[in-house]
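Accompanying notes for the structure given below.
Bear in mind that the values in this text are calculations on the coordinates, not laboratory data. Since the model is a prediction, treat every value here as computed from it, not as a measurement. Using ideal geometry, Cβ is built from the backbone for each residue, glycine included, and neighbour counts are taken over all protein chains shown.
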Amino acid sequence: MRYSLAVNDELRNLFHGEVIEPSGIHYDEARRVWNGAVDHYPELIVRPFDAAAVSVAVCFANRNGMPIAVLGGGYDWAGRSVRSGAMVIDLIHMATVDVDAERQVARVGGGSKSNEVLARAGECGLAAITGAVGHVGITGFALSGGYGPLTPGLGLGADNLLSAELVLADGTLETASNEKSPELLWALKGGGGNFGVVTSLELRLHPVSDILAGKILYPWSGAAALLESYGRYMASAPNDLAATLALVTAPDGKPAVALAPCWQGDLADGSAEVENLTAIGEPALAKVGPMKPKDLFSLFEANAVPGRRYAQQTRWLPALGPDVVQVLLAAAQAKSSPFSAIAIQSFHGLPTFVPVDATAFPIRSPHFLVSIVAAWEDQSAEADEKNRVWASETSRALEPFSLPGGYASLLGPNETEQLAHVYGSNTERLMRIKRQFDPSNRFTANGPISL
Ligand SMILES: Cc1cc2nc3c(=O)[nH]c(=O)nc-3n(C[C@H](O)[C@H](O)[C@H](O)COP(=O)(O)OP(=O)(O)OC[C@H]3O[C@@H](n4cnc5c(N)ncnc54)[C@H](O)[C@@H]3O)c2cc1C
């Protein structure tokens, strides 16, 4: 161990929070994240109670030459929030959610989870933009861009980010808002946690109290026509309709297509719209009905079990033509585990009208976000290899049909070709802001923003 007990005692005296050393009884539990295949050994895990304590931790790490990793919800599949050899700043104790119902704004701590935000906002008949899985950190989500079921009508998570409080690389506290450091706020809207430790965010909320959502399962026999119809349908779908399609394994062990619609407008109009969408194929099972936005999470939890082993790849597809559909279906049939899936989210509606240079998030043309998720339980090296190869071969097969780059938070550190193209025309501005706020590259959350 490079950092002596005496040094850690020095931290303990100054620091308002928990300090977990490798010898501590909670260390093993504290270093675990959603992906069970991540087995990283941080040098130290600190759990600050407030922004001042975050600053103490950053200064301590700087003085002792320790790399820093920031842990929010722990859902980065590559485990970049718990790096080996680093000081992990775990924001688990900074998870407050305060809702100002009149202003329709939530102020959330840097360690808050998506489900905590939706539950609190829901008490006031409001909703925030989140993804489909409740335990994902809202900060990691919003800073990545943040595609969610309410996105077509209300924007990305990043589009709804109003301001942020950060601890910068030199330990100083900074506010990023339209009034103060607007360039930093621009960078945070899609540039990820590469600029500092975000201790709190202000998020815009929306008066969405009821939605129409659920799951529809289709047999594999009509999968090709179904995917093409889904592609055509979503290309002209109304802003109030989101729908994720996934190539999954049905409870009977056979491949199947699952569709998860979410309608956020007038519920009476939504019934007809969802019926039309459902009719793109012949469902074997359909369960769609009114619910609260926070109840959406229960639809997807079974597909994202914490502790399983995962590997991910991602692509942006401009369309779902017959050729790419054949590639997707072949990949789904070649899956090396029944838990693996390919999910396709449509990006359309309001966020496509935002100019590309309005935020660091770099893609505003309508597209489909493809998440290739290899998931398995067998802990053997052979199983690891087989499943990782399935994900990377699927990504490679989709490459000829894909747009350059990809969604930064789902791109692993080895995807150098895609990483080089993530930010497109926003790259130069983003790098300028990175050099201004983190010249020594202390925060290397994800994506290609490093010096
Ligand atoms: C099961 C699952 C479902 C998902 N669904 C969606 C979805 O529907 N839509 C979507 O857009 N994305 C989705 N994602 C991607 C997810 O939003 C990103 O991986 C996000 O970065 C995870 O944030 P986290 O805080 O949970 O993870 P962490 O692993 O804690 O953090 C992720 C990255 O952000 C950094 N970070 C986290 N919090 C802070 C902070 N407060 N300050 C500075 N840096 C920070 C970390 O250092 C790390 O590099 C999903 C991922 C998974 C695994």
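Computed over the Cα atoms, what is the radius of gyration of segment 97-207 divided by 2.2 N^0.38 Å, N being its residue count?
On the way: Rg = 12.8 Å, N = 111, 2.2 N^0.38 = 13.2 Å.
Expressed relative to 2.2 N^0.38 Å, the Cα Rg reads 0.98.
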### Top positive-direction residue, dipole computed over the chain with Cβ charges, set LEU150, ILE211, ILE449
ILE449
### Message
Assuming 0.36 nm per residue, please report the length gained on full extension of the stretch ASP269 to ALA101 beyond their Cα-Cα distance.
### Response
57.8 nm
### Query
Between segment 10-59 and segment 336-407, what is the C-alpha centre distance in whole Å?
31
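Can you tell me what percent of all Cα-Cα pairs in segment 5-90 are more than 20 Å apart?
Numbers: 956 of 3655 pairs.
The share of Cα pairs beyond 20 Å in segment 5-90 comes to 26 percent.
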### Estimated [θ] at 222 nm from DSSP helical runs (n ≥ 4, -39500 (n - 2.57)) normalised by residues in the chain, nearest 500
-8500 deg cm²/dmol
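For a quick check: sort THR394, THR139, THR130 by the number of other beta carbons within 10 angstrom, fewest at the front. Kindly include the intermediate steps, with their values, before the conclusion.
Details: THR394 23, THR139 31, THR130 28.
Sorted ascending by nearby Cβ count, the order is THR394, THR130, THR139.
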### Query
Pairs LYS180/LYS294; LYS294/LYS335; LYS180/LYS292; LYS113/LYS434; LYS292/LYS386; LYS215/LYS386: which are spaced more than 28 Å apart, C-alpha to C-alpha?
LYS180/LYS294; LYS294/LYS335; LYS180/LYS292; LYS292/LYS386; LYS215/LYS386
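Using the 10 angstrom Cβ neighbour count as an exposure proxy, how do ASP438, ASP50 rank, fewest first?
Numbers: ASP438 20, ASP50 15.
Ascending number of Cβ neighbours within 10 Å: ASP50, ASP438.
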### Task
Sort out for me the Cα centre separation of segment 67-146 from segment 245-318, rounded to whole Å.
23
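Would you calculate the convex hull of the Cα atoms in segment 106-153 and tell me its volume per residue in Å³? Walk me through the intermediate numbers first.
Details: hull volume 3.4 nm³, N = 48.
Normalising the Cα hull of segment 106-153 by residue number yields 71 Å³.
Please list, by residue number, every one of the GluC sites (Glu not before Pro) in segment 369-451 that is coil in DSSP and has at most 14 other beta-carbon atoms within 10 Å. Please report the intermediate quantities before stating the final value.
On the way: sites: GLU377, GLU382, GLU385, GLU393, GLU415, GLU417, GLU428; in loops: GLU377, GLU415.
For GluC sites (Glu not before Pro) across segment 369-451 that sit outside H, G, I, E and B with at most 14 neighbouring Cβ atoms in 10 Å, the list reads GLU377.
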## Note on the structure
Note, PRO238: beta-carbon cut-off 10 Å, +1 each Lys/Arg, -1 each Asp/Glu, net -3
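Using only alpha carbon positions, build the gyration tensor of the chain, then give the equivalent ellipsoid semi-axes as the square roots of 5 times its eigenvalues, largest first, whole angstrom. Mind showing how you got there, number by number?
Working: eigenvalues 253, 123, 84 Å².
Semi-axes (√(5λ), whole Å): 36, 25, 20.
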### Contour excess over end-to-end distance, with Cα ends at ILE25 and THR352 and 0.36 nm allotted per residue
112.8 nm
## Note on the structure
Going fewest to most other Cβ atoms within 10 Å around each Cβ, SER365, SER337 line up as SER365, SER337
### Task
Select from segment 133-212 those trypsin sites (Lys or Arg not before Pro) which occupy a DSSP coil region and have at most 16 other Cβ atoms within 10 Å, ordered by residue number.
LYS180
### Task
Please find the FRET efficiency linking SER380 to ARG432, where r is the Cβ-Cβ separation and R0 is fixed at 41 Å, and quote it to the nearest 0.05.
0.30
### Query
What distance in nm separates the simple spin-label points at LEU14 and THR416, each placed 7 Å from Cα in the Cβ direction?
3.8
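Calculate the translational D of segment 313-451 in whole µm² s⁻¹ from Stokes-Einstein, where the hydrodynamic radius comes from the Kirkwood formula applied to all Cα pairs, the temperature is 10 °C and the viscosity 1.306 mPa s.
97
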### Query
Are there GluC sites (Glu not before Pro) in segment 78-137 that DSSP puts in a loop and that have at most 15 other Cβ atoms within 10 Å, and which ones?
GLU102, GLU123
### Query
If you project the alpha carbons of segment 198-238 onto the principal axes, what extent comes out on each, in Å, largest first?
48, 25, 21
### Query
Cα atoms only, segment 47-165: Rg and Dmax in Å?
15.1, 47
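Convex hull volume of the Cα atoms in segment 211-419, per residue, in Å³? Mind showing how you got there, number by number?
On the way: hull volume 26.7 nm³, N = 209.
Looking at segment 211-419, the number lands at 128 Å³ per residue.
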